[in-house]
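The values are calculated or read from the model by the stated rules, or taken from the named source; none is laboratory data. From a predicted model like this one, the values you see are computed outputs, not experimental measurements. Don't worry about glycine lacking a Cβ; one is built from the backbone with ideal geometry, like all the others, and counts go over all protein chains shown. Heads up: the accessible areas ignore ligands, DNA and RNA and are worked out on the full protein's heavy atoms, side chains in. Shrake-Rupley method; radii C 1.70, N 1.55, O 1.52, S 1.80 Å.
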Amino acid sequence: MQTTASPTMTTTQLPQVHEPRNEGMPLDLDWVMAVQANTSAIERRAKTLPGRRSVKKDYQAAWLCKAISLMDLTTLSGDDSEGRVRRLCAKARQPVAQPTLEKLGMEGLTTGAVCVYHDMVPTAVDALRGSGIPVAAVSTGFPAGLSPFHLRIAEIKESVAAGAEEIDIVISRRHALTGNWQALYDEMKEMREACGDAHVKAILATGELGTLRNVARASLVCMMAGADFIKTSTGKEPVNATLPVTLTMIRAIRDYQDRTGIKVGYKPAGGISKAKDALVYLAMIKDELGDRWLQPDLFRFGASSLLGDIERQLEHHVTGAYSASWRHAIG
């Protein structure tokens with residue numbers, strides 16, 4: 001099926017709006033334990049998506065620009081330096097070559113955020129000053145989340161004090177694996193409180209949760225505890241974002257909204273490196289949650305290599321020729 005949405009409906013030129021924050025609710029274990037996941041049906045639905053949605057030419061270029069505006073441009077390496085982070089921030093300010101943006105009519109396009117380790121937050125804040133691009137920090141003993149709990153809370157507070165407007169926390173996987181939903185709720189709630197005004201994204205590390213049912217229940221518990229976003233992965237697990245996991249998580253988001261009226265954001269991270277994959281994820285979000293989730297306050301891609309492929313596709317759109325990948329360095 002060909003999507004027929006106008007490109008003007010998918011660009012970053014729409015007015016930016018912000019939903020009320022998710023204040024959470026008391027843990028409802030009856031609701032949590034009633035959640036099931038039909039794995040075969042979810043996998044069957046996920047397999048149909050790449051073949052059922054296609055966008056071409058101007059429509060594809062518009063959707064790819066939309067994907068850039070929803071991207072958390074990320075560097076989370078042990079050899080990160082201030083220079084690398086500043087180059088990444090420059091890329092976030094202008095993610096596509098200016099001549100290409102001019103031909104597309106997309107001057108002013110930026111990424112949704114820049115995501116770094118805590119130590120690099122001050123550098124990123126300084127490099128992005130005046131751009132309106134928020135800095136996200138990975139905290140709480142990223143990626144394993146196994147440091148002492150009081151240190152994880154302290155790390156959140158220090159990242160917020162350093163200027164991070166968004167905090168990506170990691171849950172203790174053992175709570176989901178053992179079904180200790182009260183412990184997961186209490187942990188998430190305290191982390192949410194430590195974030196203060198900064199929005200919190202709860203990383204479930206879905207590749208380590210064992211089953212889609214665990215993914216669905218963990219998603220719901222984190223939302224009950226006040227998560228503003230739920231996120232698939234750290235990007236460090238053997239299996240990161242997948243379409244079945246995404247379908248499971250966004251349907252949990254939809255159920256939570258149906259019951260509470262609160263919209264919670266979603267962030268797939270890890271393993272999304274091709275422009276065509278980004279289009280499939282956007283189609284799924286549009287189908288399952290609607291157009292409102294195609295804004296950066298409710299959807300983000302956790303990616304870096306994805307931007308390079310999108311930039312190549314956009315350059316091909318305006319010139320008719322593909323450029324070498326080395327011409328589109330991230331940082």
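Comparing GLY290, GLY163, GLY270 in a Gaussian network model of the chain, where Cα atoms under 10 Å apart are tied by springs, the biggest mean-square fluctuation is seen for GLY290. For the pair segment 154-180 / segment 234-254, the C-alpha centres are spaced 18 Å from each other. Structure shown: which of LYS231/LYS274; LYS91/LYS263; LYS57/LYS236; LYS189/LYS236 lie over 27 Å apart, alpha-carbon to alpha-carbon? Over 27 Å Cα-Cα: LYS91/LYS263; LYS57/LYS236. Computed with a 1.4 Å probe over protein heavy atoms only, the accessible surface of the chain comes to 41 Å² per residue.
Helix 82-93 and the longest principal axis of the Cα set of the chain meet at an angle near 70°. In plain terms, the chain from ALA161 to GLU19 could stretch by 48.8 nm, reckoned as 0.36 nm per residue minus the Cα-Cα distance.
Expressed as a whole percent, the accessible area of the chain that falls on carbon and sulfur atoms is 51 (1.4 Å probe).
What do you reckon, how do TYR59, TYR266 stack up by accessible area (1.4 Å probe), largest on top? Please list the in-between numbers first.
Details: TYR59 90, TYR266 0 Å².
Descending accessible area places them as TYR59, TYR266.
Classify segment 61-122 as rounded, prolate or oblate from the Cα gyration tensor: take a ≥ b ≥ c as the square roots of its eigenvalues, call it rounded if a/c is under 1.5, otherwise prolate when a/b beats b/c and oblate if not. Because a/c hits 1.5 or more and a/b exceeds b/c, segment 61-122 counts as prolate.
Once fully extended, how much extra length lies between MET33 and GLU190, figured as 0.36 nm per residue of separation less the alpha-carbon to alpha-carbon distance? Please report the intermediate quantities before stating the final value.
On the way: separation 157, 0.36 × 157 = 56.52 nm, distance 2.23 nm.
Value of the extension gain: 54.3 nm.
Radius of gyration over Kirkwood radius for segment 93-241, both on Cα atoms: the Rg/Rh ratio is 1.04. Solvent-free Debye calculation, one equal scatterer per alpha-carbon of segment 88-174: log10 I(q)/I(0) at 0.10 Å⁻¹ equals -0.32.
Could you state the orientation-averaged shadow area of the convex hull built on the Cα atoms of the chain, in nm² to one decimal?
Numbers: hull surface 62.9 nm².
Approximately 15.7 nm², given one-decimal rounding.
For ILE230, what charge total do you get from the other residues with a beta carbon under 10 Å from its beta carbon, if Lys and Arg give +1 and Asp and Glu give -1? Overall, the nearby charge balance is +2.
When a/c is below 1.5 the answer is rounded, else prolate if a/b is larger than b/c, else oblate, so apply that to segment 22-89 with a ≥ b ≥ c taken from the square roots of the Cα gyration tensor eigenvalues. In terms of gyration-tensor shape, oblate. In the chain, the longest principal axis of the Cα atoms and the axis of helix 243-260 are about 60 degrees apart. GNM on the chain, alpha-carbon springs under 10 angstrom: the most fluctuating residue among ALA225, ALA161, ALA41 is ALA41. Oblate is the label for segment 14-139, because the ratio a/c of its alpha-carbon gyration tensor axes (a ≥ b ≥ c) is 1.5 or higher and a/b is not greater than b/c.
Take MET249, MET33 and sort them by solvent-accessible surface of the protein heavy atoms, 1.4 Å probe, largest at the top.
Details: MET249 0, MET33 95 Å².
The most accessible residue leads, giving MET33, MET249.
For VAL125, the accessible area of its heavy atoms, probed at 1.4 Å with every protein chain present, is near 30 square angstrom. Annotation: ASP287 carries an accessible surface of approximately 60 Å², with a 1.4 Å probe and no ligand, DNA or RNA atoms counted.
When all protein chains stay in place and ligands, DNA and RNA are ignored, the 1.4 Å accessible-area order of THR319, THR140, THR74, largest first, is THR319, THR74, THR140. Compared with the dominant Cα axis of the chain, that is its longest principal axis, helix 275-288 is turned about 50°.
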